[in-house]
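Mind looking over this structure? Questions follow.
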Amino acid sequence: MQRLGIYIHWPFCKSKCPYCDFFSRVKKDINQEELVSSYLSDLEYYRSLNDNYTVESIFFGGGTPSLIEPQYIEKLIDKIASLWKCKDDIEISLEANPNTDDGNLFKNLRQAGINRLSLGVQALNENDLKFLGRTHTLAQAYKSTDSVLKYFDNHSIDLIYARPNQKSQDWEKELQNACNFGLKHLSLYQLTIEENTFFAQKGIRPAKEEIAEELYKISDNIIKSFGYNRYEVSNYAQKNFECHHNLGYWEGFDYVGIGNGGIGRIRIADDIYNTFYPREKEVITQTERAEELLIMGLRLTKGINKNLFMKNCGISLDKIIDNQALNVLKKDGYVSENKNNIKVTEKGNFVLNYIINKLVGL
Ligand SMILES: C[S@@+](CC[C@H](N)C(=O)[O-])C[C@H]1O[C@@H](n2cnc3c(N)ncnc32)[C@H](O)[C@@H]1O
Ligand code: SF4
């Protein structure tokens, strides 16, 4: 039995944040019953393609999946449990926006079967929440965080840094406040200005690169002093609280993707397929999959395990890497390698895209 993750994409939000290019739109009056019933039959369809899987994680992402009525969350989880063998300690995550918290949200989600909650807080000061177009106040962000801590044992918040003109002492304060919540996991994303977003149209620029780098270093120091470990470029966790589902993507395990905007990687016979809405699939060549796994694996602090890489894509890492470029990167201190493993160094993290381009020969 192979390990499987299931990703359920909810492509709707209450309001669109000006920085965000995730596949989501603002729509009221969604017929949730109808939509969820199409999700249920899509789950049956993906199960029919390969039944040799054990589900180790489910992830409700978006968009804003905290808009899904808890009764439908429960239905989706029950359906998965009826279709696949599920690991006893399966991780079931959901991304929530404080602007959907009616006071009972987290209690209801816990009762519906969610056991890991990731809250999109983004900033811990009122001005920046406004700048980021968030439609919740700072007080609401705190209230929702308290509630998440009350109902869940496994929790995370997202924060965005390197905002325009962000001062390092302000970010330090915010991050210390975030660490003081006692959450098991934190995701710290550097603000990127994505094409076709409102921020791009307005010509908003993120913090300068040197400042972003300084903020990254500050984050690393503060957060480590609170006992978190960085296990991926933007993700920090207390011991044993890494996101198992996301690790599955980065380590190259298969996943089913449900909903408009959800993609999957599943094996049928000897081939690996990219699957996407609505029930489309195309074969990915071994080389394409290997390149994809290289790009994702280098994001991990522990790097890429060569044996696991070979097992998951059928090609040896040496065959996919530009070995001449690798030697230069090693000499320059950006990458380190031993018999079993290859990884990006602390120094290399600031130029990750450059390293990836060199190694894949782009
Ligand atoms: C799908 S959203 C999370 C949940 C929920 N929709 C919310 O916003 O509260 C995923 C995360 O990606 C991050 N994100 C989205 N666009 C970003 C950007 N342009 N730069 C940096 N982080 C971004 C945000 O931290 C956001 O919480
Ligand atoms: S950040 Fe979250 S709430 Fe905002 S538009 Fe993106 S998915 Fe929706």
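Readers should treat all values here as calculations from the given coordinates under stated rules, not as data from a laboratory. Because the structure is predicted, anything quoted here is derived from the model rather than measured. All Cβ positions, even for glycine, are placed from backbone atoms using ideal geometry, and neighbour counts span all protein chains on display.
Hey, if you put +1 on the Cβ of every Lys and Arg and -1 on every Asp and Glu Cβ in the range 2-246, which of Trp171, Gly182, Pro65 ends up farthest toward the positive end of that dipole?
Value: Trp171.
Please list, ordered by chain and number, the residues whose modelled amide H lies under 5 Å from the amide H of Gly62; skip anything fewer than 5 residues away on the same chain.
Close amide H contacts, sequence-distant or interchain: Trp10.
A further question on this structure: Over the range 157-252, what relative contact order in percent results from Cα pairs under 8 Å that are six or more residues apart?
Values: 102 pairs, mean separation 32.4, N = 96.
Here the relative contact order equals 34 percent.
A further question on this structure: In debye, nearest 20, what is the charge dipole magnitude of the range 2-246 about its Cα centre with +1 on Lys and Arg Cβ and -1 on Asp and Glu Cβ, if you could check? Write down the numbers at each step before the final one.
Details: 29 positive and 34 negative charges, 71 e Å.
Around 340 debye, computed over the range 2-246.
What's the extension gain from Ser41 to Lys85 if we count 0.36 nm per residue and subtract their Cα-Cα distance?
Net length gain for the segment: 14.1 nm.
Looking only at the range 68-103, which residues have a backbone nitrogen under 19 Å from a spot 7 Å from the Cα of Lys14 in the C-beta direction?
68-73, 94-103
Related question: Among bridges DSSP assigns within the chain, what percent are antiparallel (round to 5)?
Antiparallel: roughly 40 percent of the beta bridges in the chain.
Give a quick list of trypsin sites (Lys or Arg not before Pro) in the range 131-191 that DSSP marks as loop, anything other than H, G, I, E or B, with at most 15 other Cβ atoms within 10 Å.
Lys167
Restricting to lysines 8 or more places apart or on different chains, can you count the pairs in the range 150-241 with Cα atoms under 28 Å from each other?
21
At 0.36 nm per residue, and after removing the present C-alpha to C-alpha distance, how many nm does the segment from Leu352 to Asp318 gain when stretched out fully?
10.3 nm
Using θ = phi - 60° and the Karplus form 6.51 cos²θ - 1.76 cosθ + 1.60, what ³J(HN,Hα) does each residue of the range 250-264 get, whole Hz, x for Gly and Pro?
Each residue of the range 250-264 in turn: 5, 8, x, 7, 7, 8, 9, x, 10, x, 5, x, x, 10, x Hz.
Follow-up. On full extension of the chain, what length is gained from Lys330 through Ser234, given 0.36 nm per residue of separation minus the C-alpha to C-alpha distance? Write out the running numbers ahead of the final one.
Details: separation 96, 0.36 × 96 = 34.56 nm, distance 2.28 nm.
In short, 32.3 nm is gained.
Just from its helices, what would the mean residue ellipticity at 222 nm be for the chain, if runs of 4 or more DSSP H residues each count -39500 (n - 2.57) and the sum is divided by every residue, rounded to the nearest 500 deg cm²/dmol?
Result for the chain, helices only: -12000 deg cm²/dmol.
Additional query: With no other cysteine's Cβ closer than 4.7 Å, which Cys residues of the chain count as lacking a disulfide-compatible partner?
Those would be Cys13, Cys86, Cys179, Cys243, Cys313, since no other cysteine Cβ in the chain comes under 4.7 Å of theirs.
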